[in-house]
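The values are calculated or read from the model by the stated rules, or taken from the named source; none is laboratory data. Computed from a predicted model, the values in this text were never measured in an experiment. Don't worry about glycine lacking a Cβ; one is built from the backbone with ideal geometry, like all the others, and counts go over all protein chains shown.
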Amino acid sequence: MTVSDISSLTPAAPAKASPLLLLSRYGTFAAFIALLIFNMAVTPHFLSWQTLNVNLTQVATIVIVATGMTLVIATGGIDLSVGSLMAISGALAPMIFMGTLFPIDNAPLAVALAFVIPVIVASLFGWFNGFLVTKFSIQPIVATLVLFIAGRGIAQVMTNGNLQVFKNPPFQFIAMGHVFGIPAQVALMIVIAALTYALIRYTVIGRQIIAVGGNEKAARLTGIPVKRVKIVVYMVSGALAGIAGLVVVARNSSSDANLVGMGMELDAIAAVAVGGSLLTGGRANIIGTLLGALVIQLVRYTLLANGVPDAAALIVKAALIVIAVFIQSRADKS
């Protein structure tokens with residue numbers, strides 16, 4: 001046996017990951033740790049329960065919406081309508097438990113319906129988005145732009161543009177209550193993120209979502225129901241936006257169709273991008289999305305706590321998105 005024969009039998013050394021690939025995989029986590037360390041060293045009272053509670057409750061609705069956005073983006077789509085669907089859900093719930101939509105004598109039933117009906121309505125609007133994308137082959141950014149514009153108008157028409165103020169402790173438990181000492185909205189965020197992670201990691205539909213986003217034509221040839229998968233992810237995105245809308249109005253003790261969910265679509269997309277999911281589809285990093293949302297919130301908190309105007313946070317958020325997309329594109333090519 002010659003030296004060349006021996007060398008051919010020797011396992012090749014594993015390829016060394018490029019710095020950009022490592023940054024793409026672990027950059028968000030590293031940024032999160034760096035922000036924690038910086039704030040512990042510089043920001044007064046950062047380790048207080050009040051600060052932790054503020055940051056987690058602020059980020060909860062972003063994560064809830066961003067998990068649905070992650071699924072949509074994983075199929076190669078985008079959903080610009082989530083903020084408007086939050087407004088619709090947030091407008092509909094008080095109308096139900098206050099009896100302005102239809103009279104209900106049973107108060108517990110009214111609260112239960114206020115949780116269920118708005119989420120169903122939001123998921124049906126999500127179905128409409130998926131229908132436009134799959135039936136008429138409309139680009140997702142255009143298809144969801146329809147409800148981005150019309151959805152908030154629907155919410156404003158439902159309420160005549162009026163602010164709905166209420167006090168309903170059973171309904172507001174979703175935002176004001178605690179589960180085992182954890183704020184209810186944070187517990188809800190954790191449950192939704194965990195369920196979505198399990199769906200992607202361990203179910204057939206999760207693998208189909210990734211396959212559709214990775215190569216739609218190949219997925220169709222292998223028998224994956226591409227249209228059905230797309231409709232499902234848009235419905236899930238709509239339902240989660242509906243849940244987030246309920247949390248926001250419950251937290252505010254009021255519903256303003258002009259403001260609920262305003263800009264949420266951008267926050268959700270930013271969390272997905274910063275979290276490492278490819279905006280071109282084929283990858284769904286739920287843990288990354290959670291970390292991305294936390295990084296964006298911590299950046300905003302850090303700036304505000306150190307006297308930087310909130311407008312600067314918007315600039316930093318935009319910069320984070322550009323950096324994340326740049327790293328992803330370069331890492332894929334390396």
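Some points to look at:
- Just one residue in the set Asn306, Asn215 is polar (S, T, N, Q), modelled with pLDDT under 95 and either touching a strand residue (DSSP E or B) at 6+ places or on another chain (Cβ under 6 Å) or surrounded by fewer than 21 Cβ atoms within 10 Å (Cβ to Cβ) (or both); that residue is Asn306.
- Scan of the stretch 44-64 for residues that are assigned to a loop (DSSP other than H, G, I, E, B) and either aliphatic (A, V, I, L, M) or surrounded by 16 or more Cβ atoms within 10 Å (Cβ to Cβ) (or both), ordered by number: Phe46, Leu47
- In the set (1) in contact (Cβ under 8 Å) with a residue 60 or more places away in the chain; (2) within 12 Å of Thr28 (Cβ to Cβ), Ala273 fails one condition alone, (1).
- Here Val116 meets the list (1) farther than 22 Å from Leu290 by Cβ; (2) buried (at least 17 other Cβ atoms within 10 Å of the Cβ) almost entirely, failing just condition (2).
- The set of residues in the stretch 228-258 being in a helix (DSSP H, G or I), surrounded by fewer than 23 Cβ atoms within 10 Å (Cβ to Cβ) and among the charged types (D, E, K, R) consists of Arg228, Arg251.
- Answer from Gly223, Gly153, Gly177 - the residue that is out of contact with any Pro (no Cβ under 6 Å at 6 or more places or on another chain), surrounded by fewer than 19 Cβ atoms within 10 Å (Cβ to Cβ), more than 30 Å from Val111 (Cβ to Cβ) and at pLDDT 95 or above: Gly223
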